[in-house]
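The values are calculated or read from the model by the stated rules, or taken from the named source; none is laboratory data. Just so it is clear, the model here is predicted, and its values are computed rather than measured. Please note: Cβ atoms are built from the backbone with ideal geometry, for glycine as well, and neighbour counts cover all protein chains shown. Surface accessibility is based on the protein's heavy atoms, side chains included, excluding ligands, DNA and RNA. Shrake-Rupley method; radii C 1.70, N 1.55, O 1.52, S 1.80 Å.
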Amino acid sequence: QVQLVESGGGLVQAGGSLRLSCAASGRTSSSWAMGWFRQAPGKEREFVAVVRWGGGNTDYDDSVKGRFTISRDNAKNTVYLQMNSLKPEDTAVYYCAADLTYYTGSYSARYWGQGTQVTVSS
């Protein structure tokens, strides 16, 4: 059993910053790729960012490149998403994910958190 608990969401004005955290517990593995997805109202869930086991290998969706930074602390079993220069279109429920894989052009994950709301006002 794996548990992922997100924190750090909230309401912020456009141009502001938020830092999301995801604490993993249970039968986790530091070799897993960890990441974040988001789902806006009326839209499908979409990939945001991934960090692989060593922490130095990351990937981002084009919409957040240069604004968001993903990182991980394996000693704490925690992954972070630093979000800067936030835009109203970043408004969504953000989901932490564990054991990501990349296949046929998209990412999927085996484990999911419950999500945390991020709202960016204009």
Checklist entry - Using r as the Cβ-Cβ distance of A23 and E44, and R0 as 30 Å, what FRET efficiency do you calculate, to the nearest 0.05? => result 0.70
Next on the checklist: If every alpha-carbon in the range 66-122 counts as one equal scatterer, what log10 I(q)/I(0) does Debye give at q = 0.18, 0.27 1/Å?
Outcome noted: -0.81, -1.22
Checklist entry - Which net charge results when you count Lys and Arg as +1 and Asp and Glu as -1 among the other residues whose beta-carbon is under 14 Å from that of A23? => result +1
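Ignoring any ligand, DNA or RNA, what whole percent of the accessible area of the range 1-73 comes from carbon and sulfur when the probe is 1.4 angstrom?
Values: 1770 of 3970 Å².
C and S atoms contribute 45 percent here.
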Next on the checklist: Can you bin every Cα-Cα distance in the chain into 10 Å intervals starting at zero and give me the percent of pairs per bin, rounded to whole numbers?
Outcome noted: 14, 50, 30, 5, 0
Checklist entry - Taking the Cα centre of the range 71-122 as the origin and placing charges on Cβ (Lys, Arg +1; Asp, Glu -1), which of P88, T119, A98 is farthest toward the positive end of the dipole? => result A98
Checklist entry - In nanometres, what is the gap between the two model label sites at R52 and Y102, each 7 Å from Cα along Cα-to-Cβ? => result 0.7
Item to check | the range 1-99: GluC sites (Glu not before Pro) in DSSP coil with no more than 13 other Cβ atoms inside 10 Å | outcome: E44
Next on the checklist: If I model a spin label as a point 7 Å beyond the Cα along the Cα-Cβ vector, how far apart are those points for N74 and Q13 in nm?
Outcome noted: 4.2
Checklist entry - Between the range 95-122 and the range 1-51, what is the C-alpha centre distance in whole Å? => result 6
Checklist outcome for this item: Sorted largest first, the Cα spans of the range 5-73 on the principal axes come out in Å as 35, 24, 24
Next on the checklist: Using a probe radius of 1.4 Å on heavy atoms only, what accessible surface per residue do you get for the range 46-122? Whole Å² is fine.
Outcome noted: 52
Item to check | Difference of contour (0.36 nm per residue) and Cα-Cα distance, Q117 to Q1 | outcome: 39.3 nm
